[in-house]
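Undergrad: Pasting a structure here, questions to come.
What follows is calculated from the coordinates using simple rules that are stated; it is not laboratory data. Please read all numbers here as calculations on a predicted model, not as lab measurements. Using ideal geometry, Cβ is built from the backbone for each residue, glycine included, and neighbour counts are taken over all protein chains shown.
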Amino acid sequence: MKKLIVILLSVYFTSHAAAQKAPVTIPDFTFYLLQNNQPFKQDKLPSSGYIVFNYYDPGCGHCQKMAAGIAKNIDKFSKTQIYFVTINDKPYVDGFIEMYIPALKNRKNVVFLHDKDIEFIPKFNPTQYPSVYLYDAKTRKLIKHFDGEEDARKLVTYLK
């Protein structure tokens, strides 16, 4: 089943790449906290600093590099709440965390979310993995969107 979903996501990414754009404001959503499966909605987002959504696949090499880069530069994200969002189940995410970003496991500004209802794609319009969105927390406006980028230093340049 997961293989079919990945194939369908690949087709979606490819067919919608040119037509879709990242949302200029954060859309309504319901994801689920990875650790306890509790709903997590837009109203739980912070109202100051920055918000990063990193839509990733634990098996994606570019995603692994981006996550490792975020971990390496985590001190530069002190005013940023980072949300790692994936359709993959907890065992895959736990393995990803342990292998690539163990330093982020207990960070207060890092949250791992499960997109079990597959809402992220139609609402945020990613075209590649990872798809990273940087928003201003106060205005909820998009600052920068990266698709397929693996260098976290490029993201850091947008943090003031």
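Undergrad: Given Lys21/Lys108; Lys116/Lys160; Lys90/Lys141; Lys105/Lys138, which pairs have Cα atoms separated by over 28 Å?
TA: With Cα atoms farther than 28 Å apart: Lys21/Lys108; Lys116/Lys160; Lys90/Lys141.
Undergrad: Which percent of Cα-Cα pairs in region 91-140 sits in each 5 Å bin, short to long?
TA: P(r) for region 91-140, in whole percents per bin: 4, 14, 18, 25, 24, 13, 2.
Undergrad: Using only DSSP helix segments of four residues or longer, with each worth -39500 (n - 2.57), what per-residue ellipticity at 222 nm results for the chain after dividing by its residue count and rounding to 500?
TA: Computed ellipticity for the chain at 222 nm equals -8500 deg cm²/dmol.
Undergrad: For Pro23, what is the net charge nearby, where nearby means another residue's Cβ is under 11 Å from its Cβ and Lys, Arg count +1, Asp, Glu -1?
TA: That sum, taken over residues with Cβ under 11 Å, equals +3.
Undergrad: Count charges around Val110 for me, please; just the other residues with Cβ under 15 Å from its Cβ, Lys/Arg as +1, Asp/Glu as -1. Write down the numbers at each step before the final one.
TA: On the way: positive: Lys44, Lys72, Lys76, Lys79, Lys105, Arg107, Lys108; negative: Asp75, Asp94, Glu98.
With Lys, Arg at +1 and Asp, Glu at -1, the net is +4.
Undergrad: Which percent, nearest 5, of DSSP beta bridges in the chain are antiparallel?
TA: 60 percent
Undergrad: Taking the radius of gyration and the Kirkwood hydrodynamic radius from Cα positions alone, what is the Rg/Rh ratio for region 28-154, to two decimal places?
TA: Value, to two decimals: 0.91.
Undergrad: In vacuum, with every alpha carbon of region 30-70 counted as one equal point scatterer, what does the Debye formula give for log10 I(q)/I(0) at q = 0.16, 0.19, 0.34 Å⁻¹? Two decimals, please.
TA: So the normalised log intensities work out to -0.59, -0.78, -1.06.
Undergrad: Hey, another quick one. Size of the dipole of region 28-154 about the Cα centre, Lys and Arg at +1 and Asp and Glu at -1 on the beta carbon, nothing else charged, in debye to 20?
TA: 580 debye
Undergrad: What lysines could a cross-link reach from Lys154, if we take a straight Cα to Cα line under 16 Å and drop same-chain neighbours fewer than 8 places away?
TA: Partners found: Lys65, Lys72, Lys76, Lys144.
Undergrad: Among Gln35, Pro91, Asn73, whose Cα sits farthest toward the positive end of the charge dipole of region 19-160 (+1 at Cβ of Lys/Arg, -1 at Cβ of Asp/Glu, about the Cα centre)?
TA: Asn73
Undergrad: Rank-order 37-46, 151-160 by packing density, defined as the average count of other C-beta atoms within 10 Å over each peptide's residues, highest first.
TA: With the highest mean Cβ count within 10 Å placed first, the list reads 151-160, 37-46.
Undergrad: Next question. By a straight-distance test (C-alpha under 17 Å), which aspartates and glutamates pair with Lys123 as possible cross-link partners, with residues fewer than eight away in the same chain excluded?
TA: Reachable aspartates and glutamates: Asp28, Asp43, Asp115, Asp147.
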